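Trainee: I'd like to ask some things about the structure below.
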Amino acid sequence: MIKQNEQHLKKLSTLARYWILTSTTKAGSGHPTSSLSAVELGVALFFGGVLRADLSDPEYHNNDRVIFSKGHAVPLMYTLYAIAGKILPEELSTLRTFNGRLEGHPTERFPYTEAATGSLGQGLSIGVGMALNAKYLDKLSYRTYVLLGDSEMAEGSVWEAIQLAAHYKLDNLIGIIDVNRLGQRGETMLGHDVSTYRRRLEAFGWNTVVVDGHNTSQVLSAYRAAQHSHGKPVMIIAKTVKGKGVSFLENKNGWHGKVLSETELPKALASLGSVDMRLRGKVLSPKRMQPRKTKLKPKRSSELSDAPRSTRQAYGQTLVKLFARFPEMVVLDAEVSNSTYAETFKHAYPERFFEMFIAEQNMVGVAIGLASRGKIPFISTFAAFFTRAFDQIRMSQYAGPGSRINFVGSHAGTSIGQDGPSQMGLEDIAMFRAVLGSCVLYPADSVADEKLVAEAIRYPGVAYIRTTRMDTKPLYKRSEKFLIGGSKTLRTSKRDMVTVIAAGVTLYEALAAHDELKEQGIAIRVIDAYSIKPIDVSAIKKAARETKAIITVEDHYAEGGLGEAVRSAIENSPVPIISLAVRKIPRSGKPAQLLEYEQISRDAIVRLIKAL
């Protein structure tokens, strides 16, 4: 019976190779050789009695999850679902076409895609998020399988994920490295040295199985062994041949991302031998079980007082208050929770908090994995440190419809003071504004922070909240409402000569400038642009009609910040817009010194307006 099953899998592998070659040649582009090397790995997983998933319901919560971190091997992925009978073979000929759903790398347009990949080094982190969800949150039996390419094993984010998976003892996570030796321009760092992969992974706390990736019997045995791992994740290290199955492609450099021509294709197909186009494979059904319902007793958070308080501190308190209403919340932090105040939530609900350590790229990937399984992650670190994870951040916009991922960057701007420029988030607004469909929020006081965190949790997509280190006095009453896309006009009169638009720390500088100028008989309007994206276009247009100039003041670099957001809102207006922003490399010093040094202080505002 076992031999018959293996023979059936070998025939399915031949069919898979046939469809990989024909679909990529028809498309005129793609990665056939990278797909061919992983065929036995994919076929054995899907049709060898390993994978358990209800393919009639791709979103079923206890389906095993399969992530192609090696996203360029997506022709294999589509072929597997064709063999499973879930897409028609004819659809494979629409690969990489504009109106088709079979895109050049995995995206959510294809309903069986677990994660959008293709930017290498991200799939394992997403898999860690899915495995954390199954083991610690939903208490489900599903396993997460991640197919990795050997080239992406050079990515630091992969090793961040490897460390964290071992730390959390994710024995429901199984990685498969397709060690086919050849990358895009030649041999990979380790080539076919599978022993070194094994030693490194075992040193990081993983169980490993080394196999010939084209030996169906060995591959099946490896999967079965991986399913019986206890307390450790498993990596199957498969030695394979790039272009396997076509003699003139096998182990040949120069074929990465290159397809066969119409004249080369018949020769390649002939080398496959007999192909049974009627063969199909069956995926086993998953165990029917329900996710564990959260039954944590709601904890009371200390109420925000009228005393000065930082917005980062308000953030932690607000998370505790929100959890009773949003039990799908989960909080991640990069080993700075005592500074971001995410630890407030950790102390209240330790079961819903995961320490990510100083590995921001992996943290964002884990959040994507959690969001894909219906959780609402809040992830926090210093605003400056999110920049190293921008690739993961931009990929999070493809996490799928309904996904909600909330980023919180503390210690933003020069106002953090003595720590110096390496710790100052000065590019973060520009970075998150550039993400399609994102919102960027910058509360000035604890009340605004509480209200905006509550708004962000409902936002469908990427939300960024910028918090500050220094304490600020409350500006708003607790009854005040804050909406994404809104603003607050805090000072206005019929005699306003100039409008000053600020957010966060610089709002206080603008208010102080208003008071000083008022004593000198100069009236100015002050707007709190707490929602930088989407920005309150109507309020800005009104100010442009009613005042003679607009001044933006921000503790951020000029490029991509508040000033440019305001300009985009009234790009055709004749009213001059002057931007006060960080334009010099900051130094260590007291916050007031740095604001003056960068010409974004109250005195700088006063000087500019008097000059105007």
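Trainee: Restricting attention to the stretch 282-303, which residues are aliphatic (A, V, I, L, M) and in contact with a Pro (Cβ under 8 Å, 6 or more places away or on another chain)?
Mentor: Matches in the stretch 282-303: 296 only.
Trainee: Based on what the data block shows, is residue 226 crowded, with 23+ Cβ neighbours inside 10 Å and in contact (Cβ under 8 Å) with a residue 24 or more places away in the chain?
Mentor: Working: crowded, with 23+ Cβ neighbours inside 10 Å: yes; in contact (Cβ under 8 Å) with a residue 24 or more places away in the chain: yes.
Answer is yes for this residue.
Trainee: Mind checking whether some residue in the stretch 516-530 is closer than 23 Å to residue 448 by Cβ and surrounded by fewer than 21 Cβ atoms within 10 Å (Cβ to Cβ)? If you could, list the steps in order and put the result at the bottom.
Mentor: Within the stretch 516-530, the first condition is being closer than 23 Å to residue 448 by Cβ, and the residues that meet it are 524-530.
From what's left, surrounded by fewer than 21 Cβ atoms within 10 Å (Cβ to Cβ): none.
For the stretch 516-530, residues closer than 23 Å to residue 448 by Cβ and surrounded by fewer than 21 Cβ atoms within 10 Å (Cβ to Cβ): absent.
Trainee: If you don't mind, there's one more thing I want to ask. Among the residues that make up the stretch 553-563, is at least one of them among the hydrophobic types (A, V, I, L, M, F, W, C) and surrounded by 18 or more Cβ atoms within 10 Å (Cβ to Cβ)?
Mentor: yes
Trainee: Would you point out the residue of the stretch 230-253, among those that are out of contact with any Ser or Thr (no Cβ under 9 Å at 6 or more places or on another chain) and among the polar types (S, T, N, Q), that is farthest from residue 37 (Cα to Cα)?
Mentor: That would be 253.
Trainee: Which of the residues that make up the stretch 416-444 are surrounded by 24 or more Cβ atoms within 10 Å (Cβ to Cβ) and within 19 Å of residue 553 (Cα to Cα)?
Mentor: Correct list: 416, 424, 425, 426, 428, 429, 432, 440, 441, 442, 443, 444.
Trainee: Tell me whether the stretch 94-115 contains one or more residues that are surrounded by 20 or more Cβ atoms within 10 Å (Cβ to Cβ) and outside any loop (DSSP other than H, G, I, E, B).
Mentor: no
Trainee: Is at least one residue of the stretch 136-151 closer than 17 Å to residue 53 by Cα, in a helix (DSSP H, G or I) and either in the same structural domain as residue 36 (by TED's automatic domain parsing) or of a type outside the set (S, T, N, Q) (or both)?
Mentor: No: the stretch 136-151 contains no residue that is closer than 17 Å to residue 53 by Cα, in a helix (DSSP H, G or I) and either in the same structural domain as residue 36 (by TED's automatic domain parsing) or of a type outside the set (S, T, N, Q) (or both).
Trainee: Right, another one. Only residues that are farther than 17 Å from residue 313 by Cβ and touching a helix residue (DSSP H, G or I) at 6+ places or on another chain (Cβ under 9 Å): list them for the stretch 435-478, please.
Mentor: Within the stretch 435-478, 435, 436, 438, 439, 440, 457, 461, 462, 463, 464, 477 meet the criteria.
Quick grid of which residues meet (1) closer than 30 Å to residue 132 by Cα; (2) assigned by TED's automatic domain parsing to the domain that holds residue 20; (3) more than 31 Å from the chain's Cα centre (by Cα):
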| residue | (1), (2), (3) |
| --- | --- |
| 206 | yes, yes, no |
| 221 | yes, yes, yes |
| 242 | no, yes, no |
| 249 | no, yes, yes |
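Trainee: Still on this model: Sort out which residues of the stretch 307-327 are of a type in the set (A, V, I, L, M, F, W, C) and buried (at least 24 other Cβ atoms within 10 Å of the Cβ), and write them in order of number.
Mentor: Within the stretch 307-327, 314, 319 qualify.
Trainee: Moving on to the next point. Which of the residues belonging to the stretch 328-340 are surrounded by fewer than 16 Cβ atoms within 10 Å (Cβ to Cβ) and not polar (S, T, N, Q)?
Mentor: Scanning the stretch 328-340 gives a single hit, 335.
The values are calculated or read from the model by the stated rules, or taken from the named source; none is laboratory data. Computed from a predicted structure; not experimentally measured. Ideal geometry is used to build each Cβ from the backbone, glycine not excepted, and the neighbour counts take in all protein chains shown.
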